[in-house]
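Here, each number is a calculation from the coordinates, and none is a lab measurement. Since this is a predicted model, take the numbers as computed values, not measurements. All Cβ positions, even for glycine, are placed from backbone atoms using ideal geometry, and neighbour counts span all protein chains on display.
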Amino acid sequence: MEKSDVFNPVWKNLVLNKIQFDLNFLPAKIVLARCRVTLKNDSAPEKIEEAVQDLIKLYEKNKDLPNAIKDIKLLLNK
């Protein structure tokens, strides 16, 4: 992932459940589900940003794994 990718609005839309993707990377599915439940109860801007950062950090840490790569390509249209 490039630095500019972290500013892509897809991340915010994903955690806010405004868009749906069939993710391949199981840990991301789990983190995303947790983020969505959290934001359903408290959608303060700082909570949204925290959820986005959690998801981005997960993909950055695992950017070499095949399913994470598939998801990044899907999410960022690469």
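Taking into account only those residues within the stretch 25-73 that are hydroxyl-bearing (S, T, Y) and assigned to a helix (DSSP H, G or I), which is farthest from V6 (Cα to Cα)? Looking at residues that are hydroxyl-bearing (S, T, Y) and assigned to a helix (DSSP H, G or I), I get T38.
Checked against (1) surrounded by 14 or more Cβ atoms within 10 Å (Cβ to Cβ); (2) of a type in the set (D, E, K, R); (3) in contact (Cβ under 8 Å) with a residue 60 or more places away in the chain, K63 passes all but condition (1).
Considering only the stretch 5-24, I want to know if a residue exists there that is out of contact with any helix residue (DSSP H, G or I) (no Cβ under 9 Å at 6 or more places or on another chain), in contact (Cβ under 8 Å) with a residue 24 or more places away in the chain and not hydrophobic (A, V, I, L, M, F, W, C).
Residues of the stretch 5-24 out of contact with any helix residue (DSSP H, G or I) (no Cβ under 9 Å at 6 or more places or on another chain): 7, 9, 13.
Next cut, in contact (Cβ under 8 Å) with a residue 24 or more places away in the chain only: none.
No, because not a single residue in the stretch 5-24 is out of contact with any helix residue (DSSP H, G or I) (no Cβ under 9 Å at 6 or more places or on another chain), in contact (Cβ under 8 Å) with a residue 24 or more places away in the chain and not hydrophobic (A, V, I, L, M, F, W, C).
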